[in-house]
Amino acid sequence: MEALIFIGIQATGKSTFYLEHFFKTHIRINLDMLKTRNKEKILFKACLDMKQSFVIDNTNPTIEDRQRYIPAIKENKFRTVGYFFQSNISDSLKRNLTRNRKEQIVKEGIKATHDKLQIPSLKEGFDELYFVQIGKDNDFIIKEWQNEV
């Protein structure tokens, strides 16, 4: 059983990464789809109860945001893995413009998330951490965490 927590500002490739790497094996928990924290909480608890691997596919920019999940994940004996997505604001703003209009995030929203972004640490309760960046060919480059960005 595995719980993955994605971390990064909007338009860094988190949802695409999920589709390419975890769609067939992990339930996706995402506030954009679920719309409310209550619905998110219900699906999160169902995954824990069913021992179903899942991905928290939100921005999760702060330690406090991530602690919404980690204690329950650890209590239910899931392996806890964090993926920090390179959060270069200018690249994210460019990628955001390629989204269809309904899915675009306002520039101020991306900047606000960037401003509160806190670098993750194994001390938060992660068993593993990875750094993900988008390569020249729009492929994902995954590196083991080196405690730096």
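The values are calculated or read from the model by the stated rules, or taken from the named source; none is laboratory data. Quick caveat: nothing in here was measured; it's all calculated off a predicted structure. Quick reminder, even Gly has a Cβ in these numbers, built from the backbone with ideal geometry, and neighbours come from all protein chains shown.
Structure above, values below:
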item: Set Lys123, Lys136, Lys77, Lys94: member being assigned to a loop (DSSP other than H, G, I, E, B) and more than 27 Å from Lys39 (Cβ to Cβ); result: Lys136
item: Single unsatisfied condition, Phe54 versus (1) crowded, with 17+ Cβ neighbours inside 10 Å; (2) touching a residue at least 60 places away in the same chain (Cβ under 8 Å); (3) under 22 Å from Thr16 (Cα atoms); result: (2)
item: Candidate set from segment 106-149 (those that are buried (at least 18 other Cβ atoms within 10 Å of the Cβ) and of a type in the set (A, V, I, L, M, F, W, C)); member that is nearest to Phe78 (Cα to Cα); result: Phe126
item: Flag for Ile119 being farther than 24 Å from Gln67 by Cβ, under 15 Å from the mean Cα position of the chain (by Cα) and among the β-branched types (Val, Ile, Thr); result: no
item: Among (1) surrounded by fewer than 17 Cβ atoms within 10 Å (Cβ to Cβ); (2) at pLDDT 95 or above; (3) closer than 22 Å to Ile5 by Cβ, the one test that Asp91 misses; result: (2)
item: Members of segment 21-42 that are in contact with a strand residue (DSSP E or B) (Cβ under 7 Å, 6 or more places away or on another chain) and either surrounded by fewer than 16 Cβ atoms within 10 Å (Cβ to Cβ) or in contact (Cβ under 8 Å) with a residue 24 or more places away in the chain (or both); result: Phe22, His26, Ile27, Arg28, Ile29
item: Residues that are more than 19 Å from Glu144 (Cα to Cα), surrounded by fewer than 22 Cβ atoms within 10 Å (Cβ to Cβ) and touching a residue at least 24 places away in the same chain (Cβ under 8 Å), drawn from segment 67-87; result: Gln67, Ile70, Pro71, Ala72, Lys74, Asn76, Lys77
